[in-house]
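Inspection log for the structure reproduced underneath, given as structure tokens.
The values are calculated or read from the model by the stated rules, or taken from the named source; none is laboratory data. Not measured: the values here are computed from a predicted model. Cβ sites come from the backbone with ideal geometry, for glycine too, and all protein chains shown count toward neighbours.
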Amino acid sequence: MNITKHKWSEIWNLNTSKIQSLELIYLINNLSSCCRIVLKTTSENDLITICYNYNLSFKSSEKVFYIKTNSYQHSTHNNSESIKCREYYISKKDELTLLLKKEFQNNNHFEIGELLDYPSCCITFFKRYFALGQLNEMNFNHFINGETNSSFYLNNFLIENDIGLLSHFPCNTNCVESERIGLERFTFLEKEFPEIAKEFKKKLRCDIYLNKKKKHFKINDFNNPKKNYKLDNCQIINFK
Ligand SMILES: [Zn+2]
């Protein structure tokens, strides 16, 4: 895809994913107050330059881990070597960055969610189901029954394809606060990166089939109604 590179080009050049680059761009443009991204350690110098240029502060995780280069955090790569990565916590204020790092170190989900501006209803939802061990694979099975409609702003099933507007999992298919965040980000993208907005809208408007037993989903492209999956015992969300 041909992303307009005249703005924030150094961020696109980090060679991470669209979604992670956008996390930084939302932060710079005051659409979020903190973010966490996963970056290969060799990109750290580039991140230092970006943080210097945009008055951002960052901290890195103590632990190092290895992920595949073709994972969604690094979708611009096309081989599958393992690369050494760290988590990076970024905000405009040192104290906020430090706090975010601390909460991640302590796995304090509620505090992390609050720092990342997730809606309180969604944080509560996550915490409740996480505690019950029911969120191994985040999906909407908990609260939809049969077929339901939802706004494409809330579709976070395509994150692994590097497509999505939200950084969190919404608490239900009609979460008003999540929809507000999705709309705000989409409006920003339409103005600054119309190619990305167009791609996101096209792909996020689709039917997601949730298979309870196997806990997986299948996608029926909303713009291609001829492609009709016949899946029994599925719950369906029509993202429009
Ligand atoms: Zn919510």
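At pLDDT 75 or above, within 16 Å of the ligand (Cβ to nearest atom) and in contact with an Asp or Glu (Cβ under 8 Å, 6 or more places away or on another chain): which single residue out of 167, 178 fits that description?
167
Taking region 146-164, which residues are part of a helix (DSSP H, G or I) and more than 10 Å from the ligand (Cβ to nearest atom)?
152, 153, 159, 160, 161, listed by residue number.
Please identify the pairs in which a residue from region 160-176 that is among the aliphatic types (A, V, I, L, M) has its Cβ atom under 6 Å from the Cβ atom of a residue that is more than 9 Å from the ligand (Cβ to nearest atom), counting only partners at least 6 apart or on another chain.
Final answer for the pair search is 163/200; 163/203; 165/153; 165/182; 165/185; 165/186; 166/156; 166/182.
So which pairs qualify, if the first residue must be in region 96-122 and closer than 18 Å to residue 185 by Cα and buried (at least 16 other Cβ atoms within 10 Å of the Cβ), the second must be at pLDDT 95 or above and among the basic types (Lys, Arg), the Cβ gap must be under 8 Å, and the two must be at least 6 apart or on different chains?
From residues that are closer than 18 Å to residue 185 by Cα and buried (at least 16 other Cβ atoms within 10 Å of the Cβ), the pairs are 116/36.
Results for (1) assigned by TED's automatic domain parsing to the domain that holds residue 161; (2) surrounded by fewer than 12 Cβ atoms within 10 Å (Cβ to Cβ); (3) at pLDDT below 80; (4) of a type outside the set (A, V, I, L, M), shown as yes or no for each residue.
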{"site": "54", "(1), (2), (3), (4)": "no, no, no, yes"}
{"site": "70", "(1), (2), (3), (4)": "no, no, yes, yes"}
{"site": "75", "(1), (2), (3), (4)": "no, no, yes, yes"}
{"site": "80", "(1), (2), (3), (4)": "no, yes, yes, yes"}
